[in-house]
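Engineer: Sharing a structure with you now.
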Amino acid sequence: MSSRISSSAARYAPHGYALLRTRGLHVLVHRRSAGAALLMSCVQLALSALSLSTGAAGMSPLDAVLAAFGAGPDMQVFLIQHLRLPRLTAGVLSGFAFGVGGCLLQTLARNRLATPSIIGIDDGASAFAVASIVAVPTSLAPSVLALWGAAVAAILVFALSAGAGARGYRFIIVGIAVGVMFGAITNLMLARTGIDSANQAYPWTVGSLNARPALSVWLLAAGLAVCVPAAKYAARSLDPLRLSDAVAIGLGVSLARTRAMVLVLTVVLTGLAVAVAGPVGLIALAAPEAARHLADDKGVPVLLSGLVGALMMIAADWVGGTLFAPIEIPVGVVTAVVGGPYLLWILLRKPGRGMT
């Protein structure tokens with residue numbers, strides 16, 4: 001069977017693709033994208049094992065993995081399952097969400113800088129999450145308020161920039177202005193509250209994976225389970241949309257429906273991710289660009305962007321926890337230090353197909 005599949009792939013698949021045929025099911029797989037996804041998954045597993053084993057209680061990566069499954073001394077099992085594994089899970093899920101959200105928004109706006117962090121969606125989510133703690137304490141979880149904040153910021157940006165399909169720097173400038181406005185509101189709330197409330201709200205202003213609320217992580221996991229398949233479905237319409245509106249309409253793409261769907265998905269993913277990790281928005285900038293490079297700019301790399309985003313998040317958290325141990329650097333600070341030079345490289349690098 002494997003030889004027949006390989007023969008069919010060589011005979012009928014386009015260049016760079018593999019055609020898998022079995023029992024009437026035909027699957028066309030882009031070789032380079034599949035290889036990159038497999039590589040990212042393997043590196044992520046290795047880094048996850050290293051992250052779980054790193055800390056004051058010395059243990060090998062193998063012992064850490066076994067403890068994650070309940071094998072080994074009780075102290076190691078407790079340390080891994082109740083302290084380190086939830087933190088790792090929060091990092092993987094939030095990084096994946098940031099990566100997918102950034103990929104969708106960049107493709108929709110046809111601009112590599114159009115990420116949730118730069119156009120203010122992260123700031124809106126952070127402002128509402130902080131408000132639920134320090135300004136108008138409510139029974140609603142910060143994750144719920146963060147979702148509303150992301151939605152409000154997105155509506156403002158797309159309305160003021162003349163629609164979700166806006167191109168060029170007007171879209172970016174309006175987003176930056178909205179982000180600055182929400183950032184100022186957040187700083188004002190923190191300046192007028194007590195030190196205890198400010199410390200409680202701090203992770204939602206800088207980005208951290210330390211002691212993340214279990215409810216927020218579960219909500220993010222549920223959001224990913226719904227939004228990722230929807231994002232893959234929306235990617236089929238986003239691919240022709242990268243060329244021009246006229247071409248997309250000629251190919252039968254409904255612009256209004258596609259833009260509305262992508263906007264909703266981006267808001268949900270970003271709001272839930274910010275509620276878990278805070279505004280670590282540079283993941284959404286870097287992961288899609290790296291994914292497009294790894295995939296050789298074929299299609300809309302939704303899943304690969306998520307995998308790269310998850311890898312970047314846990315790598316930044318591992319670096320922040322080990323670089324100046326026992327002093328911990330928040331993951332948002334690490335990504336900001338790395339993201340500055342990376343942003344300059346993005347601006348100087350030749351854009352990919354359909355991007356400005």
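Engineer: Mind listing the long-range amide H neighbours of Ser117? Cut-off is under 5 Å, sequence gap 5 or more, other chains count too, H placed in the peptide plane at 1.01 Å from N.
Structural biologist: Excluding prolines and chain starts, which carry no amide H, the hits are Asp122.
Engineer: How are the Cα pair distances of region 68-160 distributed, in percent, across 10 Å bins from 0?
Structural biologist: Reading the bins upward from 0: 15, 31, 27, 18, 8, 1.
Engineer: Take the chain, connect every pair of alpha-carbon atoms lying under 10 Å apart with a spring to form a Gaussian network, then pick out the residue of Gln81, Gln106, Gln44 with the largest mean-square fluctuation.
Structural biologist: So, out of Gln81, Gln106, Gln44, the one fluctuating most is Gln81.
Engineer: With point charges of +1 on the Cβ of Lys and Arg and -1 on the Cβ of Asp and Glu, referenced to the Cα centre of region 43-348, which listed residue (Leu52, Ala127, Ser254) lies farthest in the positive direction of the dipole?
Structural biologist: Ser254
Engineer: Report the gain in length on full extension from Ile173 to Val264: 0.36 nm times residue separation, minus Cα-Cα distance, nm rounded to one decimal.
Structural biologist: Details: separation 91, 0.36 × 91 = 32.76 nm, distance 2.13 nm.
The span from Ile173 to Val264 would gain 30.6 nm if fully extended.
Engineer: Once you keep just the Cα pairs under 8 angstrom separated by 6 or more residues, what percentage relative contact order results for the chain? Can you show the working numbers first?
Structural biologist: Numbers: 604 pairs, mean separation 92.6, N = 356.
About 26 percent, as a whole number.
Engineer: Now a separate question. May I ask you to list, by number, the DSSP H helices of the chain whose Cα span along the axis is at least 20 Å and whose average Kyte-Doolittle hydropathy reaches 0.0 or more? The partial results should precede the final answer.
Structural biologist: On the way: long enough: 31-53 (33 Å, 1.02); 85-109 (36 Å, 1.24); 142-160 (27 Å, 2.22); 168-191 (35 Å, 1.72); 214-241 (39 Å, 1.18); 255-277 (32 Å, 1.90); 302-322 (30 Å, 1.62); 331-348 (26 Å, 2.04).
TM-like helix candidates: 31-53, 85-109, 142-160, 168-191, 214-241, 255-277, 302-322, 331-348.
Engineer: Using a Förster radius of 51 Å, what is the FRET efficiency between Leu251 and Val206 based on their Cβ-Cβ separation? Nearest 0.05, please. Spell out each step's value before the answer.
Structural biologist: Values: r = 43 Å, r/R0 = 0.85.
The value I calculate is 0.75.
Engineer: If you don't mind, another one. Assuming 0.36 nm per residue, please report the length gained on full extension of the stretch Ala214 to Val319 beyond their Cα-Cα distance. Walk me through the numbers before you get to the answer.
Structural biologist: On the way: separation 105, 0.36 × 105 = 37.80 nm, distance 2.34 nm.
Once the chain is fully extended between Ala214 and Val319, it gains 35.5 nm.
Engineer: Also: Using a Förster radius of 45 Å, what is the FRET efficiency between Leu348 and Leu66 based on their Cβ-Cβ separation? Nearest 0.05, please. Walk me through the numbers before you get to the answer.
Structural biologist: Working: r = 46 Å, r/R0 = 1.03.
With a Förster radius of 45 Å, E is 0.45.
Engineer: Expected output is a single nm value to one decimal: the length gained when fully extending between Asn187 and His82, i.e. 0.36 nm times separation in residues minus the C-alpha distance. What is it? Provide the component values of the computation, followed by the final result.
Structural biologist: Details: separation 105, 0.36 × 105 = 37.80 nm, distance 3.30 nm.
So the extension gain works out to 34.5 nm.
Engineer: Could the peptides 306-317, 60-71 be put in order, highest first, of the mean number of other beta-carbon atoms found within 10 Å of their residues? Don't jump to the answer; show the numbers that get you there.
Structural biologist: Working: 306-317: 27.7, 60-71: 15.7.
Top to bottom by mean Cβ count within 10 Å: 306-317, 60-71.
Engineer: Still on this structure, please answer the following. Return one quarter of the surface area of the convex hull spanned by the alpha-carbon atoms of the chain, equal to its mean projected area, in nm².
Structural biologist: Working: hull surface 81.5 nm².
With every direction weighted equally, the projected area is 20.4 nm².
Engineer: Need one number: nm distance between label points at Leu45 and Arg31, each 7 Å from Cα along Cα→Cβ, rounded to one decimal.
Structural biologist: 2.3 nm
Engineer: Then there is this: Evaluate the charge dipole of the chain about its Cα centre and quote only its size in Debye, nearest 20, assuming +1 on the Cβ of each Lys and Arg and -1 on the Cβ of each Asp and Glu.
Structural biologist: On the way: 24 positive and 12 negative charges, 311 e Å.
My answer is approximately 1500 debye.
Engineer: Which order results if Asp122, Asp239 are arranged by neighbouring Cβ count within 10 Å, fewest first? Please report the intermediate quantities before stating the final value.
Structural biologist: On the way: Asp122 32, Asp239 17.
Least crowded to most crowded, the residues run Asp239, Asp122.
Engineer: Further question on the same structure: Mind listing the phi-derived Karplus ³J(HN,Hα) values for region 202-209, rounded to whole Hz, using 6.51, -1.76 and 1.60 with θ = phi - 60°, and x for any glycine or proline?
Structural biologist: For region 202-209, the Karplus curve yields 3, x, 7, 10, 10, x, 7, 10 Hz.
Engineer: Non-local amide H neighbours of Tyr17 (under 5 Å, H modeled in plane, Pro and chain starts lacking H): which ones?
Structural biologist: When sequence neighbours closer than 5 places are left aside, the close amide H contacts are Arg31.
Engineer: Along the charge dipole of region 43-348, which of Tyr233, Ser117, Leu311 sits closest to the positive end, that is, farthest toward it, with unit charges on the beta carbon of Lys, Arg, Asp and Glu (+1, +1, -1, -1)?
Structural biologist: Of Tyr233, Ser117, Leu311, it is Tyr233.
The numbers here are math on the coordinates, done by the rules we state, and not lab data. Just so it is clear, the structure is predicted and the values come from calculations on it, not from any experiment. Methodologically, a virtual Cβ is constructed for each residue, glycine included, from the backbone with ideal geometry; neighbour enumeration extends over all protein chains shown.
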